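What follows is a single structure, written as structure tokens, with notes after it.
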Amino acid sequence: QVQLVESGGGLVQAGGSLKLSCAASGLTFSPYTMGWFRQAPGKERVFVAAMRRSPSYADSVKGRFTISRDNAKNTVYLQMYSLKPEDTAVYYCAARLGPASTNEGSYSYWGQGTQVTVSS
């Protein structure tokens with residue numbers, strides 16, 4: 001079965017950095033778009049970044065976050081710089097077969113999430 005497992009979340013001060021990882025198993029990795037979404041307390045889950053052959057980003061994180069992937073390790077990363085309190089959320093890794101999409105409904109598989117908390 002397909003599993004996506006996130007790691008790397010934690011508590012950081014505003015202006016700090018974190019790097020999230022998502023390890024995939026049970027699927028042929030390279031044809032899949034890997035995406036990151038986040039959900040803040042009391043809010044809906046929203047798109048953050050996605051990548052198959054090239055990256056795309058939400059406007060709210062463009063210039064601060066970088067998505068990358070290592071197909072040999074079946075792993076996708078989200079490097080986050082200049083973190084703000086409004087970045088506080090549970091971050092989810094997701095996968096879909098084919099091109100990148102910002103629509104969470106188009107993703108077939110989801111991880112359990114990892115908490116990122118940014119203090120002011």
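Overview of results
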{"quantity": "Some residue of region 99-110 being in contact (Cβ under 8 Å) with a residue 60 or more places away in the chain, under 18 Å from GLY8 (Cβ atoms) and over 11 Å from the mean Cα position of the chain (by Cα)", "calculated": "no"}
{"quantity": "Total residues in region 50-64, condition more than 12 Å from SER82 (Cβ to Cβ), more than 11 Å from the chain's Cα centre (by Cα) and of a type in the set (A, V, I, L, M, F, W, C)", "calculated": "1"}
{"quantity": "Some residue of region 3-12 being open to solvent by less than 20 Å² (accessible area, probe 1.4 Å) and in contact with a Lys or Arg (Cβ under 6 Å, 6 or more places away or on another chain)", "calculated": "no"}
{"quantity": "Checklist (1) of a type outside the set (Val, Ile, Thr); (2) touching a Lys or Arg at 6+ places or on another chain (Cβ under 8 Å); (3) without any contact (Cβ under 8 Å) to a residue 12 or more places away in the chain applied to TYR91, failing item", "calculated": "(3)"}
{"quantity": "Of residues in region 47-64 being touching a helix residue (DSSP H, G or I) at 6+ places or on another chain (Cβ under 9 Å) and without any contact (Cβ under 8 Å) to a residue 40 or more places away in the chain, the one most open to solvent (accessible area, probe 1.4 Å)", "calculated": "SER60"}
{"quantity": "Any hit, region 36-44, residues being open to solvent by less than 20 Å² (accessible area, probe 1.4 Å), touching a Ser or Thr at 6+ places or on another chain (Cβ under 9 Å), closer than 16 Å to VAL116 by Cβ and among the small types (Gly, Ala, Ser)", "calculated": "no"}
{"quantity": "Long-range neighbours under 6 Å by Cβ, at least six apart or interchain, first residue within 16 Å of TRP36 (Cβ to Cβ) and assigned to a strand (DSSP E or B) within region 1-15, second open to solvent by less than 40 Å² (accessible area, probe 1.4 Å) and of a type in the set (Ser, Thr, Tyr)", "calculated": "GLU6/THR114; SER7/SER21"}
{"quantity": "The lone exception for ASP70 - which of (1) within 23 Å of LYS43 (Cβ to Cβ); (2) open to solvent by 40 Å² or more (accessible area, probe 1.4 Å) it fails", "calculated": "(1)"}
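The values are calculated or read from the model by the stated rules, or taken from the named source; none is laboratory data. Please read all numbers here as calculations on a predicted model, not as lab measurements. Note that we place each Cβ from the backbone using ideal geometry, even for glycine, and neighbour counts take in every protein chain shown. When the accessible area is computed, the model is the full protein with side chains, heavy atoms only, and any ligands, DNA or RNA have been set aside. Shrake-Rupley method; radii C 1.70, N 1.55, O 1.52, S 1.80 Å.
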